[in-house]
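Peer 1: Please read through the structure below; I'll follow up with questions.
What follows is calculated from the coordinates using simple rules that are stated; it is not laboratory data. The shown structure was predicted, so the numbers you read here are calculated from the model rather than taken from an experiment. Ideal geometry is used to build each Cβ from the backbone, glycine not excepted, and the neighbour counts take in all protein chains shown.
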Amino acid sequence: KTTIREAVSAVRPGGTVVLAGLASHSFELSTTDVVTKNVSLRGSTSASIQELREVLELLASGALKPQIQHIPFDDIPKALEKLGKGGVIGRLYTEP
């Protein structure tokens, strides 16, 4: 829910926020942000090969910089608690 609100707030005027995944059943948005910035909201169940290539090119060029943090596998319970309290920016990942 927080990620969607922040994406709508952060997107440039006339930009599009794409929802990929089903993290929550519902969410609340600021109609002021949507209307005054002319934001488009789209759902996506998948991406084409061309879209995947474009995203990989953006990552490789540095134009897209995801906020990700590696956590040790044993720290998953602590990380989930932090996530539940809204204390995580970006995404966490681990390797078993």
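Peer 1: How large is the direction-averaged shadow of the alpha-carbon convex hull of the chain, in nm²?
Peer 2: Result: 7.8 nm².
Peer 1: Taking amide hydrogens as modeled 1.01 Å from N in the peptide plane, which residues meet the under 5 Å criterion relative to LEU92, leaving out close sequence neighbours?
Peer 2: Residues meeting the criterion, in which the H sits 1.01 Å from N, are GLN69.
Peer 1: Could you calculate the FRET efficiency of THR36 with VAL88 from 1/(1 + (r/R0)^6), where r is the beta carbon distance between them and R0 is 22 Å, rounded to 0.05?
Peer 2: That gives a FRET efficiency of 0.15.
Peer 1: Please find the FRET efficiency linking THR2 to LEU80, where r is the Cβ-Cβ separation and R0 is fixed at 22 Å, and quote it to the nearest 0.05.
Peer 2: 0.90
Peer 1: With runs of 4+ DSSP H residues as the only contributors, calculate the mean residue ellipticity of the chain at 222 nm using -39,500 (n - 2.57) per run, divided by the residue total and rounded to the nearest 500.
Peer 2: Per the formula, -11000 deg cm²/dmol.
Peer 1: List every residue whose amide H lies under 5 Å from the amide H of LEU41, counting only residues 5 or more places away in sequence or on a different chain, with H placed 1.01 Å from N in the peptide plane.
Peer 2: Here VAL17 satisfy the definition.
Peer 1: Quick one: if you stick a label point 7 Å off each Cα along the C-beta vector at PHE73 and SER9, how many nm between them?
Peer 2: Going by the 7 Å Cα→Cβ label model, 3.7 nm.
Peer 1: Sketch the reach of a paramagnetic label on THR16 as a point 7 Å from Cα along Cα-to-Cβ, and name the residues of the range 30-56 whose backbone nitrogen lies under 11 Å away.
Peer 2: What the label zone holds, given the 11 Å backbone N cut-off, is 40-44.
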